[in-house]
Amino acid sequence: MSMLRSVITGSGSYLPPNIVTNADLAKTIDTSDEWITARTGIKERRIADKGTLTSDLATKAAQQALENAGIDASEIDLIVLATATPNRVFPSTAITVQANLGITQGCAFDVQAVCSGFLYALTVADNMLRAGNFHKAIVIGAETFSRIIDWQDRTTCVLFADGAGAVILESEQATGTLADRGILYSHLRSDGRYEDMLYVDGGPSMGYPRKGDQGFVKMAGNDVFKHAVKKIGSSIEQALKDNNLTADDIDWFVPHQANKRILDAVAKRIKLDESKVVITVHKHANTSAASIPLALHEAVMDGRIKKGDLILIEALGGGFTWGSMLFRW
Ligand code: UT7
């Protein structure tokens with residue numbers, strides 16, 4: 001059956017140059033390289049300079065994705081940007097990126113699903129492309145998460161960081177089978193009963209706890225960890241079952257990079273060979289919505305991901321929001 005598919009035709013990423021190591025953090029808070037490495041797998045992270053905005057990181061990633069896809073910004077008619085750290089309350093950060101890229105046609109908007117943001121944004125863009133109303137999209141995950149971190153709170157500040165990744169999605173005619181290139185399946189979930197396990201303690205409607213700030217990330221880390229392994233695991237099991245696949249059919253697993261121990265536990269649960277897992281958490285830490293496209297782009301550029309490979313991605317974020325996706329590169 002002939003149908004439209006959204007095919008990823010290029011990827012890009014951008015990391016701010018400033019590297020902060022575990023040893024750097026241990027100079028200002030009560031932590032150690034040993035603890036952070038053993039509990040999370042993180043060794044270092046990138047932190048944007050004051051004055052560098054989420055839109056700056058996003059624009060650089062988008063420009064590289066356009067270049068790699070070999071298309072001009074004037075061909076883009078949709079921008080969907082996932083972020084929990086927008087430049088400002090409004091307009092959306094996607095609008096600023098649209099202007100930075102000199103795009104005056106189509107539409108641009110943000111999606112907010114925290115660490116699941118890229119998965120949500122890809123799904124939204126995929127549906128808009130397959131409906132036939134839009135044809136070429138940039139989907140971006142970009143964060144300056146360092147701006148919503150309390151740098152005195154050792155339970156969160158060692159975990160999160162800044163960065164951006166982007167992909168170009170183009171609608172193409174396909175056969176409607178799993179052999180097609182492009183997005184093949186998406187499984188999105190959320191459950192607001194868990195909103196108090198991972199949240200920011202301030203916002204425009206609730207007000208801010210401290211004068212002049214934007215609120216800080218609060219997390220019941222241990223509980224989030226357990227929910228992450230369970231919920232991501234069952235989402236992937238659903239994805240495989242719905243498509244009559246097993247973990248052996250997956251060429252590359254590109255998970256949200258929150259904690260190496262979560263990646264290991266999920267891979268073990270779904271019986272996926274660990275050599276198929278793309279890992280960047282040791283050098284990027286948790287960049288929220290940016291983590292999947294950052295890891296994806298790295299594996300594409302170093303030649304691991306090749307045309308025709310079947311890719312599995314997943315994420316869990318505040319809310320909770322979570323899910324998984326299958327696409328063929
Ligand atoms: O992307 C969104 C989703 N987020 C996640 O998936 C994060 C999920 N959670 C995690 O990754 C882990 O739970 C953490 C890395 C946050 C924490 O690891 P844990 O093994 O769950 O440790 P814990 O929270 O149970 O804390 C163990 C101990 C505590 O001390 P006591 O109470 O046992 O004396 C903490 O106070 O480690 C202490 N601790 C630290 N020690 C040194 C917490 N943070 C630090 C730190 N350095 N940075």
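The values are calculated or read from the model by the stated rules, or taken from the named source; none is laboratory data. Predicted, not measured: the structure shown is a model, and the values here were computed from it. Don't worry about glycine lacking a Cβ; one is built from the backbone with ideal geometry, like all the others, and counts go over all protein chains shown. These area figures cover heavy atoms from the full protein model, side chains too; ligands, DNA and RNA do not enter into them. Shrake-Rupley method; radii C 1.70, N 1.55, O 1.52, S 1.80 Å.
Side notes on the structure shown:
- Highest-MSF residue in the chain out of MET128, MET197, MET206 [GNM, Cα springs under 10 Å]: MET206
- Residues LYS226 and PHE90, FRET efficiency given R0 of 41 Å [Cβ-Cβ distance, rounded to 0.05]: 0.70
- Percent antiparallel among DSSP beta bridges (both partners in the chain, rounded to 5): 75 percent
- THR28 accessible area, assembled protein chains, probe 1.4 Å, Å²: 100 Å²
- Region 3-174: equivalent-ellipsoid semi-axes (sqrt of 5 x gyration tensor eigenvalues, Cα, Å): 33, 16, 14
- At q = 0.09, 0.12, 0.16 Å⁻¹, base-10 log of I(q)/I(0) for the chain (Debye sum, equal scatterers on each alpha carbon): -0.42, -0.77, -1.41
- Total formal charge among the other residues, if their Cβ is under 10 angstrom from that of ASP180, Lys/Arg +1 and Asp/Glu -1: +2
- Apportionment of accessible area to carbon and sulfur, region 182-328, percent (1.4 Å): 50 percent
- Per residue, region 182-328 exposes 43 Å² of accessible surface when a 1.4 Å probe is rolled over the protein heavy atoms with every protein chain present.
- When each of LYS226/LYS260; LYS283/LYS307; LYS276/LYS307; LYS231/LYS307; LYS218/LYS283; LYS241/LYS268 is checked by Cα-Cα distance, pairs over 19 Å: LYS283/LYS307; LYS231/LYS307; LYS218/LYS283
- Maximal additional length on extending the SER32-ASP201 stretch stands at 58.2 nm, based on 0.36 nm per residue less the C-alpha distance.
- Distance between the pseudo-spin-label points of GLN214 and THR21 (7 Å out from Cα toward the beta carbon): 2.9 nm.
- Of all accessible heavy-atom area on region 3-174, the percent that carbon and sulfur account for (1.4 Å): 52 percent
- Taking label positions 7 Å along the Cα-Cβ direction at both GLN105 and LYS50, the computed distance is 4.3 nm, reported to one decimal.
- Considering only alpha-carbon pairs that sit under 8 angstrom and 6 or more positions apart, the relative contact order computed for region 41-124 is 32 percent.
- Overall Cα dimensions of region 182-328, principal axis frame, Å, largest first: 52, 30, 27
- Residues considered: SER205, SER234, SER13. Largest GNM mean-square fluctuation over the chain, using C-alpha springs under 10 Å, is found at SER205.
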